[in-house]
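The values are calculated or read from the model by the stated rules, or taken from the named source; none is laboratory data. The shown structure was predicted, so the numbers you read here are calculated from the model rather than taken from an experiment. Cβ coordinates were reconstructed from backbone atoms using ideal geometry, including for glycine residues, and neighbour counts include every protein chain displayed. SASA here: full protein model, heavy atoms, side chains in, ligands and nucleic acids out. Shrake-Rupley method; radii C 1.70, N 1.55, O 1.52, S 1.80 Å.
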Amino acid sequence: MAATASTCSRIYLLINDGSPRNETIEFAKSASPEEIRAGLLAAAEIGGEPKGAIVKVSTKDGVLLPVSVDGLTPNSEDNRYILNVKKDSLIKNDAASAVMSPEIGTANLDLSALKATLKSLEADLDGLTEKKGQLANIPTQHTPKRAVKRVSQIDPRYMSQPKYVFTDETIKYLKTPTFDPWQWQENEMLALLEFMFVELGVVDEFKIDIPVLRKFLQAVKDGYNANPFHNFRHCFCVTQMMYGILHTTKVVEKLTPADKLILLAACVGHDLDHPGFNNAYQVNARTDLAIIYNDVSPLEMHHCAVLFTILKHPDTNIMSNIPDSTYRDIRKGIIRGILATDMAKHADLLSQMKKYADEGFKYSDAEQKSCLLQMIIKCADVSNEVRPPDVAEPWVDCLLEEFFEQADHEKAAGLPFAPFMDREKVTKAGAQVGFIGFVLIPLYELMARVLDNMDPIITPVKQALAYYKELQEKEKAAATGGK
Ligand SMILES: [Zn+2]
């Protein structure tokens, strides 16, 4: 051990991406900066030595350290360096650039100018990311619990690659809205998503090859950015909650395989390549997405286009064995499902659903069923408060962090900013009381008029409202000095 200590440096890292985790690397004291950089990229699980990748190591106080033997002095487990790796947007984001290619109807745009703009936006985002280490309650501090045992083993059908085998207990848990998504590593979430596709019968029905499904899910995962909130774990949460709602309310028994594939694909793809800045920003800052989509739901349009760009590739096309007419219906359903997640459409969708509920909901009516699928996706998208409080609360911090970063950027750029994103005005309790009271409860109560057994979904949301109201009162009392 003494010999190792004298010739090697051991560095403890916190990898700051969609699934923050600890890593340890060692390098020889004679290592070149290139060798250290390669080690850091490996720690961040980024293969292929991407030339444009920006590798940044900083202290917890946000001080950047040179990537060299002298810069990265040995540290301790309690005082980890924070590793941020940002792949060059133009190298990484072939899905996004495919969306912007002339092939999909942007023939007259000056692509090089657009790419330069994207690059500068990327640099701005990078600057904002640096602040993360200084903020309190960031998601990286969440310590996952390990409540459910997992068994990983080689499945004889896929001798060449490991396959997760989940216990009956885990599978039962996966079908509930109380599932804790913080416990799982990225590969485990991928395996759980694969399980949902198989269990809902779409793999058999649509003759999806398992290796293609895995590559599809991997491409979807890679298509999510390391935002505080809109990241791959959020994608997993939404898909799992949709799955939990299907089983809890037993609506799964009334849906066709095509309905189930629409729900699965729309949920996994619904926030693909989210830049961490919302639609209002896209429009106000006149971003490329706003230009391409003429200010109409630019983000949701983009998420959907990225999903279908992944599906265009033969290696990741899980729909290659679906007959054309069925494919057209499924594509239409997925597009409607993803576009429904734009909160600007919330009131219209709710009043449409209310009309169907008033008339007596009919599963046999294609329009009504489509509306129901959109509503289920919406319910899942905003469902964090359905989960137990210790699972739900970190998501509020994540969302506020993303909002605050946006408003900070808007203030600096002289753009309009929303009061609900302003770190000087928003309190966690105030934000949640409004959102739960005005958005969640009316949404879930309306769904309870159409779906059976919605109580396991509504009850925790009402408890969360009571909790945040109490917290809000305490904050008010503290602000007025208890008078
Ligand atoms: Zn979402």
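Restricting the calculation to Cα atoms, segment 143-479 yields a radius of gyration followed by a Dmax of 19.9, 63 Å.
Summary of packing: across the peptides 365-377, 272-284, the per-residue average of other C-beta atoms within 10 Å ranks them, highest first, as 272-284, 365-377. Across segment 388-394, rounded Karplus estimates of 3J(HN,Hα) from the backbone phi angles (6.51 cos²θ - 1.76 cosθ + 1.60, θ = phi - 60°) give x, x, 6, 8, 6, 4, x Hz, Gly and Pro being marked x.
Specify the inter-centroid distance of segment 276-335 and segment 352-381, based on alpha-carbon positions, in whole Å. Each part reduced to its Cα centre gives a spacing of 22 Å. Centroid-to-centroid, using Cα positions, segment 383-414 and segment 162-222 are 27 Å apart.
In sequence order, segment 406-415 has phi-based couplings of 5, 5, 4, 5, 5, 4, 5, 8, x, 9 Hz under the Karplus curve 6.51 cos²θ - 1.76 cosθ + 1.60, θ = phi - 60°, and Gly or Pro positions carry x.
Close amide H contacts of Asn225 (hydrogens built in the peptide plane, cut-off under 5 Å, sequence separation of 5 or more or a different chain): Asp273, His274. Per-residue surface analysis assigns Asp324 an accessible area of about 110 Å², computed on protein heavy atoms at 1.4 Å probe radius.
Per residue, the Cα convex hull of segment 195-237 amounts to 66 Å³. Gyration tensor analysis over the Cα atoms of segment 208-310 returns equivalent ellipsoid semi-axes of 27, 16, 13 Å (largest first, whole Å). Between amide H atoms placed 1.01 Å from N, distances below 5 Å from Leu200 occur with no residue 5 or more places distant or on a separate chain.
Remark: for residue pairs Lys354/Lys476; Lys250/Lys462; Lys172/Lys207, the C-alpha separation exceeds 30 Å in Lys354/Lys476.
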